[in-house]
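Quick notes on the structure that follows.
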Amino acid sequence: MFIIRWILGRIILLLNFVFTPKKRKRPQAEQQQIDAQTQALALYQYNACPFCVKVRRAMRRQGLNIQTVDAKQSPHKDELIAQGGKQQVPCLRIEENGQVHWLYESKEIINYLDQRFA
Ligand SMILES: N[C@@H](CCC(=O)N[C@@H](CS)C(=O)NCC(=O)O)C(=O)O
């Protein structure tokens, strides 16, 4: 089972590499503004998870430089469970006005990013 999952993961990463979406280009000043906002975001994810790949592709299409965090590693895994509530990726950590929100579900995350940055 582990081997099959591993092979599928490599296929997903290969396809993602071959069909890398075009990164959105913005005027420099606008991109700097967006970068300042996305500094408050972090995507907790696994490298070869198909749902995480979907979100990373959406981020690239939008030209969003959001930090990615490997949720398989300590202490990130523990942070995700303790603060987010469950061990599921992708999960977007959103820091806003001193408060932290954890957004699960790839579809929800992509909707949030599209609404905020599109
Ligand atoms: N419906 C969720 C599915 C996410 C999902 O199934 N993620 C898997 C990884 S691909 C997961 O977090 N499993 C728990 C684990 O591996 O610990 C989404 O679209 O984000």
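Which value, in Å² rounded to 10, gives the accessible area of residue 8 with a 1.4 Å probe and all protein chains present?
For residue 8, solvent-accessible area is about 100 Å².
At a 4.7 angstrom Cβ threshold, list every cysteine in the chain that has nobody to pair with, or say none.
Result for the chain is 91, no neighbouring Cys Cβ within the cutoff.
Treat each spin label as a single point 7 Å out from the Cα along the C-beta direction, and report the residue 57 to residue 4 distance in nm.
Result: 2.3 nm between the two label points.
With +1 on each Lys and Arg Cβ and -1 on each Asp and Glu Cβ, and nothing else charged, work out how big the dipole of the chain is about its Cα centre, in Debye to the nearest 20.
Working: 18 positive and 10 negative charges, 137 e Å.
Charge dipole, the chain, about its Cα centre: 660 debye, nearest 20.
Based on C-alpha coordinates, I'd like the Rg and Dmax of the chain, in Å.
When restricted to the Cα atoms of the chain, Rg and Dmax are 14.8, 48 Å.
Please give the Cα centre distance for segment 1-15 versus segment 22-52, rounded to the nearest Å.
Using only Cα atoms, the two centres lie 25 Å from each other.
From the residues 9, 75, 89, which one has its Cα farthest along the dipole of segment 2-117 in the positive direction, the dipole being from +1 and -1 charges on Cβ of Lys/Arg and Asp/Glu about the Cα centre?
Farthest along the dipole direction, towards plus: 9.
What is the extension gain from residue 79 to residue 37, computed as 0.36 nm multiplied by their sequence separation minus the C-alpha to C-alpha distance, in nm to one decimal?
Values: separation 42, 0.36 × 42 = 15.12 nm, distance 2.19 nm.
So the chain would gain 12.9 nm between residue 79 and residue 37.
How about segment 27-118: which trypsin sites (Lys or Arg not before Pro) there lie in a loop by DSSP and see at most 11 other Cβ atoms within 10 Å? Could you put the intermediate results ahead of the total?
Details: sites: 54, 56, 57, 60, 61, 72, 77, 86, 93, 107, 116; in loops: 72, 86.
Answer by residue number: 86.
Can you sort 106, 74 by 1.4 Å-probe accessible area, starting with the largest? Mind showing how you got there, number by number?
Working: 106 10, 74 90 Å².
Output order, biggest surface exposure first: 74, 106.
Could you sort 53, 100, 18 by their accessible area in this structure, using a 1.4 Å probe and putting the largest first?
Working: 53 10, 100 60, 18 90 Å².
The ordering from most to least exposed comes out as 18, 100, 53.
A 23 angstrom limit on the alpha carbon distance is what I want to check against. Which of 54/86; 22/54; 23/72; 22/72; 23/54; 72/107 exceed it? Don't skip to the answer; put the middle values down first.
Values: 54/86 20 Å; 22/54 14 Å; 23/72 27 Å; 22/72 28 Å; 23/54 14 Å; 72/107 21 Å.
Check vs 23 Å cut-off fails for 23/72; 22/72.
Just by accessible area at a 1.4 angstrom probe, what is the order of 6, 102 from largest to smallest? Mind dumping the intermediate values first?
Working: 6 130, 102 45 Å².
Ranked list, largest accessible area first: 6, 102.
The values are calculated or read from the model by the stated rules, or taken from the named source; none is laboratory data. Predicted model, so just to flag it, every value in this text is computed and none were measured. Using ideal geometry, Cβ is built from the backbone for each residue, glycine included, and neighbour counts are taken over all protein chains shown. Each accessible area value is taken on the protein alone, full model and side chains, heavy atoms only, with ligands, DNA and RNA left out. Shrake-Rupley method; radii C 1.70, N 1.55, O 1.52, S 1.80 Å.
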